[in-house]
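> The structure's right below; bear with me while I get my questions together.
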Amino acid sequence: EIVPLLKDNDSLVRECALDSLARLEAKEAMPEILHLLKDKNQRVRSWAALTLYELGADVSVLKSLKIDVKILYERLFQIDCDCKNKNGLKCHERAKALLIALGVTEKELKRLQKKTADKRKSLEEKNE
């Protein structure tokens, strides 16, 4: 069962549980996911918002909570993993869809992408 993992002490476990619930379209878990919108970890709060969005939560409610999903988008864009959801979207593309729904402009998304690409390039140069 995945839902109990939402209460795990490890924030990465909570993030992975949220991602799994979104991929499984586990709408029945929405009440438990709501609690994570107040998690002490920013990325967990972002994943909770993304998961709720993908499960059909009202965007205006998510917008009113003012959760910074940009941090999650930057991290996922930087990682650029190949895993995709059933609609063929990579994780950072899923976060981008939420950001657009929340009213982030294309110009700001391009700025975030450039900032993240620059960070990734800097890390790669450092590791060479």
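Taken together, the values in this text are just the output of simple stated rules run on the coordinates, not laboratory data. This is a predicted model, so every value here is computed, not measured. With ideal geometry, Cβ positions are generated from the backbone for all residues, glycine too; neighbour counts draw on all protein chains shown.
> Quick check: residue separation of LYS40 and ARG111 times 0.36 nm, minus the Cα distance between them. What number comes out in nm?
Length difference between fully extended and current span is 22.8 nm.
> Test of understanding: what is the full-extension gain from LYS27 to ILE79, defined as 0.36 nm times their sequence separation minus their Cα-Cα distance?
Stretched fully, the LYS27-ILE79 segment lengthens by 16.0 nm.
> How high is the FRET efficiency from ALA97 to ASN127, r the C-beta distance, R0 30 Å, rounded to 0.05?
With a Förster radius of 30 Å, E is 0.45.
> If you don't mind, another one. Can you tell me the length gained on complete extension of the stretch VAL104 to SER20, counting 0.36 nm per residue apart and subtracting the Cα distance?
Stretched out fully, the VAL104 to SER20 stretch lengthens by 27.7 nm.
> Moving on. Taking each pair of distinct Cα atoms in the chain once, what is the resulting Kirkwood hydrodynamic radius in Å?
For the chain, the Kirkwood estimate is 15.1 Å.
> Between ILE71 and LYS7, what FRET efficiency comes out of the Förster formula 1/(1 + (r/R0)^6) with R0 = 35 Å and r the beta carbon distance, rounded to 0.05?
Efficiency computed from Cβ-Cβ geometry: 0.95.
> So which of LYS63/LYS119; LYS40/LYS96; LYS40/LYS114; LYS27/LYS119; LYS70/LYS121; LYS27/LYS86 end up more than 25 Å apart, counting from Cα to Cα?
The answer is LYS63/LYS119; LYS40/LYS114; LYS27/LYS119.
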